[in-house]
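Rule-based calculations on the coordinates, nothing more; no lab input. Remember, it's a predicted structure, so these values are computed and weren't measured experimentally. Note: ideal-geometry Cβ built from the backbone for every residue, glycine included; neighbour counts use all protein chains shown.
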Amino acid sequence: MIRYILRRILYTIPLVLGVTLITFLLFNVVGGNPVYQMLGKHASPEEIQELTHQLGLDKPLLVQYVDYLNDLVHLEFGRSWTTHQKITGMISDGLGPSLSLAIPAFLFAALLSIIISLVAAFYRNRFYDRLLVVLCVIGMSVSILVYIIAGQYYLAYVYDIFPISGYESGWAGIPFLILPALIWVGVALGGDVRFYRTVILNETSRDYVLTARAKGLSEPVVMGRHVLKNALIPIITSLAMALPGLFTGSLLLETFFGIPGLGSLSINAINDADFPVIKAMTVFGSVLYMLGNLLGDLMYSLVDPRVRME
Amino acid sequence: MHDSPTRKAIRQLKRNKLALFCLVVIALYCIIALLTKTGLLAKGYGEIAGVSYASPSWDHIFGTDFLGRDVFKRVLVGTRIAMSVGLITTLIAIPIGIFFGSLAGYYRGKVDDIIVWFYSTLDSIPYLILLLALTLVLGKGLTAVFIAIGFTSWVGICRIVRSEFIRQKELDYVQAARALGMGHIRIMVVHILPNIFHLIIINFSLMFVSAIKAEVILSFLGVGAQGEPSWGIMISDARLELIGRGVYWQLLGATTAMFLIILCFSIFADALRDALDPKK
């Protein structure tokens, strides 16, 4: 087991290097010299030269890349071009708001979709199951933009049940978070229910289920105690892999509802063409994603030892 | 009577009335896109056709926007943009995916390691952030969207082709071809590839859908289509009209058009999988 964990951790190192290489190439080579953009149209050649030197952009690319890696190791992402704040600080400020929306929404969505998919599997291939599958396919075909705009318009603007947008830290912020969290759940439900239903139905065709039924166990006991336990393995693994997404926040939901999390941070950076912030968010998001994958794999190998042999 | 798998699949698809209906809708969208491209349809979509914010009527079935332009014509042009994004990005991504996937799966070893490393790296970057970063760096606009989506969405197909090649190359027919002295490239292209083609077709429709969705979000955020009525831009315009004036038709027009094509592609992809996947 320990050998597997070590090997799995070592395997992520070239991936992290790969992500840094891609972001470096993207922003420092393809993106061109940022100095022109920072100084505007009327900069003199001397100014351009000075700033280029200051930012270390006149060094050879290899040296620039090593410098960049060195900064990343020290969690130093540089400063934003627009606000001139330290990006590391901006990210840690954004984490709280992002997580306060994402964690409750994520847990609620997971619980609800597991329950619904159990119901669908219980009624498999009968009316309620078919209806749920149709609803899932329809739900998945509606753009997330529609969910957000319609939810905000009807529930906040027309019927005034929730505040339209805004954010406050602490308990006072809860009213602001309910509507975006509900929309999150609505968007996630279609795909999740469909996936969990397939996983659960795969389990119900196994021999042990036949045995359980032959023993005369009632259908709710078979589903709840036998099938669910085994179906939960892939479900929990997929949830573990989705965890990193919580930290980077939902780009669209946060922007629409004025939640100052990492999603809003990224969108603002896109609007301002704030390259260092986008670069930092790309690396941050990727490293988190790899950690989530690592966690998912390790959990899987814990419950299913065959995985370790590969 | 022995039928070829292809003929069997077509027969099964023909029996699925819902999938056929979806195929008709997809074909209709393609025709609309072509007619709009050649200017036979939605001519003068940028011109003022009536008063500002006219509600839906027989003259303008989706009403008019803030400048008095016909929303229905703009939805048609949006259809053209969406379909071309879906087509061009898949035409970029599928060859890349097949190329890398077959090399990695057939030759294994160092080539495989490098290709797997490359796509795993690309795959670990959050997709939307990667797309936004790419379009921003390449300079906003539809060309950037084509390139960004096209050159990032090949990972899924590459994975599938690779694992299929690994499986297929151990099978008897490949051994036989090798024993007959055929070259590697001939075995890969003429013998293995046709055997995994159904997987590529299934994936094509899934990629098409996700490309359309991605373009709408990119255009909505302002880094996609510039000055052209993409559905994303229409939704973005409509958002303010809805809150300010209760004008719903532009939103309804763009989102309905988008919903219908995505729904039909998803249902058709499912039907294709059922018909083509021999494991079923």
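Data overview
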| read-out | value |
| --- | --- |
| Estimated 222 nm signal from helices in chain A, with DSSP H stretches of n ≥ 4 weighted -39500 (n - 2.57), rounded to 500 | -23000 deg cm²/dmol |
| Max mean-square fluctuation residue, GNM over chain A, Cα-Cα springs under 10 Å, options A:ASP272, A:ASP67, A:ASP207 | A:ASP207 |
| Fewest-first ranking of A:LYS59, A:LYS229, B:LYS169, using other Cβ atoms within 10 Å as the exposure measure | A:LYS229, A:LYS59, B:LYS169 |
| Rounded to the nearest 20 debye, dipole of chain A from Cβ charges on Lys, Arg, Asp, Glu | 1640 |
| Karplus-derived 3J(HN,Hα), 6.51/-1.76/1.60, for each residue of the range B:86-94, Hz, glycine and proline x | x, 5, 5, 5, 5, 5, 6, 6, 5 |
| Across chain B: Cys residues that no other cysteine approaches within a C-beta distance under 4.7 Å | B:CYS30, B:CYS158 |
| Whichever lysines have a C-alpha closer than 22 Å to that of A:LYS229, once near sequence neighbours (fewer than 8 apart) are set aside | A:LYS215 |
| Rounded to 10°, Cα long-axis angle of helix B:5-15 versus longest principal axis of chain B | 30 |
| Relative contact order (%) - chain A, alpha-carbon pairs under 8 angstrom, separation at least six | 25 |
| Relative contact order (percent, whole number), chain B, Cα cutoff 8 Å, 6+ residue spacing | 25 |
| Helix axis angle, A:275-303 relative to chain A longest principal axis, alpha carbon, degrees | 30 |
| Backbone N within the range A:73-104 under 18 Å of label point (7 Å from A:GLU168 Cα along the Cβ vector) | A:97-98, A:100-101 |
| Gap separating the Cα centres of the range A:20-68 and the range B:98-149, nearest whole Å | 24 |
| Gyration tensor (Cα) of the protein assembly as shown, equivalent ellipsoid semi-axes in angstrom | 37, 33, 29 |
| Size descriptor, Kirkwood hydrodynamic radius, that averages inverse alpha-carbon separations across the range B:1-72, Å | 15.3 |
| Where Cα atoms sit under 21 Å apart: lysine pairs in chain B separated by 8 or more or lying on different chains | 13 |
| Fluctuation leader among B:ASP70, B:ASP270, B:ASP113 - chain B, Gaussian network, Cα springs under 10 angstrom | B:ASP113 |
| Cα centroid separation, the range B:192-207 to the range A:87-108 (Å) | 39 |
| Most fluctuating residue given options A:LEU243, A:LEU17, A:LEU288, as computed from a GNM of chain A linking Cα atoms under 10 Å | A:LEU17 |
| Computed P(r) (all Cα pairs; the range A:159-246; 5 Å bins; percent) | 3, 11, 15, 15, 12, 11, 10, 9, 7, 4, 3, 0 |
| Interchain or long-range residues, amide H under 5 Å from A:GLY258's placed H | A:GLY166 |
| Radius 14 Å from Cβ of A:GLY31, net charge of other residues (Lys, Arg +1; Asp, Glu -1) | +1 |
| Part-to-part distance (alpha-carbon centres) for the range A:206-281 and the range A:162-193, which is given in Å | 16 |
| Angle between chain B longest axis and helix B:155-168 axis [Cα atoms, degrees, rounded to 10] | 20 |
| Kirkwood Rh, Cα atoms: Rg over Rh of the range A:1-66 | 1.26 |
| Peptide ranges B:94-104, B:50-60, B:13-23 listed from the most packed, as the mean C-beta count within 10 angstrom indicates | B:94-104, B:13-23, B:50-60 |
| Value in Å of the Kirkwood radius, where the range A:88-303 supplies the Cα pairs that are averaged | 19.1 |
| Inter-site label distance for B:LEU87 and A:SER44 at 7 Å from Cα along Cβ, in nm | 5.4 |
| Relative contact order (percent, whole number), the range A:1-158, Cα cutoff 8 Å, 6+ residue spacing | 9 |
